[in-house]
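S.K.: To start, I am sharing the structure in question, which I have written as structure tokens.
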Amino acid sequence: MKAIFHADRKWGIGKGNKLMFSLPKDMKFFRETTTGKAVVMGLNTLRSFPNGPLKNRTNIVLSPSDAGAGVTTVRGLGELFREIGKYPQDDVFVIGGASVYRELIPYCSEVLVTKVEADGGADVFAPDLDADPSFALVYESAPVEDNGYTIRFCTYKNTAVKQF
């Protein structure tokens, strides 16, 4: 299992249940990386999508209540791990939100982070992988301009993946 998100300088990932930045190159990377795969999210993340569940992906929602049509709802980690066990682990991506990242990143072998060189005024944050000794930055792209922001595509490897 992997995780994917973009974060500002402070590891902020959202504000008001929305993304803080409009980043076409990052969205293209997200789309290309997750299309045809299983994506795991919380109910708030699902609700943040203007057109409902993401197309051309298996949408798995971790929620105590039914998340609705077009998704597979799992009500706890045991049920989630049984569900994602049906897929190759490299084809499962955690896509948010903050509480889901906090819960599942320790189980992820790799985390793809698009770092935005800005402060987005976030009200929700991902774990700071630079401060976590279990994670090693193994790739960082050259700076890329994206809609007026400088971004870098980064890959972190988890050296102590928690087993499920």
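S.K.: For segment 77-85, check the following and say yes or no: at least one residue is without any contact (Cβ under 8 Å) to a residue 24 or more places away in the chain and of a type in the set (A, V, I, L, M).
M.R.: Scanning segment 77-85 turns up no residue that is without any contact (Cβ under 8 Å) to a residue 24 or more places away in the chain and of a type in the set (A, V, I, L, M).
S.K.: While we're on this one: With the checklist (1) under 22 Å from residue 28 (Cβ atoms); (2) modelled with pLDDT of 95 or more in hand, flag the one item residue 48 doesn't pass.
M.R.: Result: residue 48 fails condition (2) only.
S.K.: Look at residue 160 and say whether it is loosely packed, with under 13 Cβ neighbours inside 10 Å, closer than 19 Å to residue 30 by Cα and among the aliphatic types (A, V, I, L, M).
M.R.: Considered against the rule, which asks whether it is loosely packed, with under 13 Cβ neighbours inside 10 Å, closer than 19 Å to residue 30 by Cα and among the aliphatic types (A, V, I, L, M), residue 160 comes out as no.
S.K.: Now for a separate question. Determine which member of the set 95, 105 is in contact with a Ser or Thr (Cβ under 7 Å, 6 or more places away or on another chain) and under 25 Å from residue 17 (Cα atoms).
M.R.: None of the other options fit; the residue is 95.
S.K.: Follow-up question, since we're still on this one. Please specify each residue of segment 48-87 satisfying the condition of being acidic (Asp, Glu) and either within 28 Å of residue 15 (Cβ to Cβ) or part of a loop (DSSP other than H, G, I, E, B) (or both).
M.R.: If the condition is that a residue be acidic (Asp, Glu) and either within 28 Å of residue 15 (Cβ to Cβ) or part of a loop (DSSP other than H, G, I, E, B) (or both), then 66 is the only one that fits.
S.K.: Among the numbered criteria (1) under 21 Å from residue 91 (Cα atoms); (2) of a type in the set (A, V, I, L, M); (3) at pLDDT below 95, which one does residue 69 miss?
M.R.: For residue 69, the exception is condition (1).
S.K.: Looking at the structure I just gave you, is residue 82 surrounded by fewer than 16 Cβ atoms within 10 Å (Cβ to Cβ) and more than 14 Å from residue 42 (Cβ to Cβ)?
M.R.: yes
S.K.: Next question, about the same structure. Checking residue 22 against (1) surrounded by fewer than 13 Cβ atoms within 10 Å (Cβ to Cβ); (2) among the small types (Gly, Ala, Ser); (3) modelled with pLDDT under 95, which single condition isn't satisfied?
M.R.: (3)
S.K.: Could you please find all residues in segment 35-53 being crowded, with 21+ Cβ neighbours inside 10 Å and free of Cβ contacts under 8 Å to residues at least 40 places away in the same chain?
M.R.: 46
S.K.: Scan segment 111-132 for residues that are among the charged types (D, E, K, R) and either assigned to a loop (DSSP other than H, G, I, E, B) or surrounded by fewer than 19 Cβ atoms within 10 Å (Cβ to Cβ) (or both) and jot them down.
M.R.: Matches in segment 111-132: 117, 119, 123, 128, 130, 132.
S.K.: Report, by residue number, each residue of segment 78-107 that is within 25 Å of residue 123 (Cα to Cα) and out of contact with any Lys or Arg (no Cβ under 8 Å at 6 or more places or on another chain).
M.R.: 95, 96, 97, 98, 99, 100, 101, 102, 103, 104, 105 - these are the residues of segment 78-107 that are within 25 Å of residue 123 (Cα to Cα) and out of contact with any Lys or Arg (no Cβ under 8 Å at 6 or more places or on another chain).
S.K.: Does residue 135 qualify as being surrounded by 20 or more Cβ atoms within 10 Å (Cβ to Cβ), touching a residue at least 60 places away in the same chain (Cβ under 8 Å), at negative phi and of a type in the set (A, V, I, L, M, F, W, C)?
M.R.: Answer is no for this residue.
S.K.: Exactly one of these conditions fails for residue 93: (1) farther than 21 Å from residue 30 by Cβ; (2) touching a residue at least 12 places away in the same chain (Cβ under 8 Å). Give me its number.
M.R.: (1)
S.K.: Hey, any hits in segment 88-98 for a residue that's aromatic (Phe, Trp, Tyr) and part of a helix (DSSP H, G or I)?
M.R.: No, segment 88-98 has no match at all.
The values are calculated or read from the model by the stated rules, or taken from the named source; none is laboratory data. Predicted model only: the values in this text are computed from it and were never measured. With ideal geometry, Cβ positions are generated from the backbone for all residues, glycine too; neighbour counts draw on all protein chains shown.
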